[in-house]
1. Take every DSSP beta bridge with both residues inside the chain and express the antiparallel ones as a percent of the total, to the nearest 5.
2. For the stretch 275-289 and the stretch 5-56, compute the distance between their C-alpha centroids and round to whole Å.
3. With every protein chain left in place, what is the accessible area per residue of the stretch 151-269 in square angstrom, probe 1.4 Å?
4. Can you give the relative contact order of the stretch 1-112 as a percent, counting alpha carbon pairs under 8 Å and 6+ residues apart?
5. Quick check: from the Cα gyration tensor, does the stretch 119-180 come out rounded (a/c under 1.5), prolate or oblate?
6. Convex hull over the Cα atoms of the chain, averaged projected area in nm²?
7. Counting only protein heavy atoms and using a 1.4 Å probe, what share of the accessible area of the chain belongs to carbon plus sulfur, as a whole percent?
8. Give me the percent relative contact order of the chain, please, defined on Cα pairs under 8 angstrom at least 6 residues apart.
Amino acid sequence: MSSIPILTAPTAAGKSALALALAREYPLEIVSADAFTVYRGLDIGTAKPAAPDRAAAPHHLLDVVDVTEPFDVARFVELAEAAIAGILARGQVPLVVGGTGFYLAALTRGLPLTPPSDAALRADVEAELAVRGLDALLADVQAINPAEAARLERNPRRVVRALEVYRQTGRFPGEFGRRPPRYRYDVTAFTRDPADLEARMLARVQDMFRAGWADEAAWLAQRVAPDTEPRPTVWQALGYREALAVARGHLSPDAAAAQVTLATRQYARRQLTFTRTQLGSPVLSAGEAARHVRTLLSR
């Protein structure tokens, strides 16, 4: 293939359903680009494809690690590129599907050439985060490099990494070059009317709670403590803290669903901004996106 197709959209827009519809028409294998479906056991709250969907089309990068194991963008790129190579070798068509913009940027533009982590320095920054808080550390970055502060998107793990690298090298991760990506990609992004998208978000969140999301969050809390700093990666997954509050009797399912829907709507806005500014892709309607990807797959 001249380029590998990528399909991305905000949470709950229907990218998985569209990918499965395309898989019924073309010899596709789906490569997931989601920061949390890689974890075994996080099924309900991540809307991980169910067994019938996986039977309909091969899926890659699901259930890769346990919730207690680390997973980062470098590992994602390594596994995604290996999966794509295997799919092409079998004469099939890889379709990358997901909404984690940071992962998609690294896949399409290449991994940053930042230095390896310094465990001692990272521990110092993590301790500072616990004492001073996220806003104070972000203000430090903002004072030196506003563009880097915006790039970090208030993600505690990325803020810690940025300050670790800066204190080690005098430069932020965004100031380093990148290694060339292994493949060329064609990004197709879409969204839905805001009212429609929010209705889909609320319906999906309510379905998740009916399916046992609170129990899944309680299971996760038994394996990874949710209240340590910096916040563990698995607890950065949208809605799991609210689901845990339901499990502990601190929130009703309806109140939690409203909170998670609001947070999801805010996250969707950030996803769309990232898609336009960092992936350089226009955002189409769902119908336009389907037609565009079919055109790519028919070449």
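The values are calculated or read from the model by the stated rules, or taken from the named source; none is laboratory data. What you are looking at is a predicted structure, and each value in this text was computed from that prediction instead of being measured. Positions of Cβ are generated from backbone atoms using ideal geometry, with glycine treated the same way; all protein chains shown enter the neighbour counts. Just the protein is used for accessible areas: all its heavy atoms, side chains included, with ligands, DNA and RNA removed. Shrake-Rupley method; radii C 1.70, N 1.55, O 1.52, S 1.80 Å.
1. 5
2. 18
3. I get 50 Å² per residue for this part.
4. Once divided by the residue count of the stretch 1-112, the mean separation gives 40 percent.
5. Cα axes put the stretch 119-180 in the oblate bin.
6. 15.4
7. 52
8. Dividing the mean separation by the residue count of the chain yields 26 percent.
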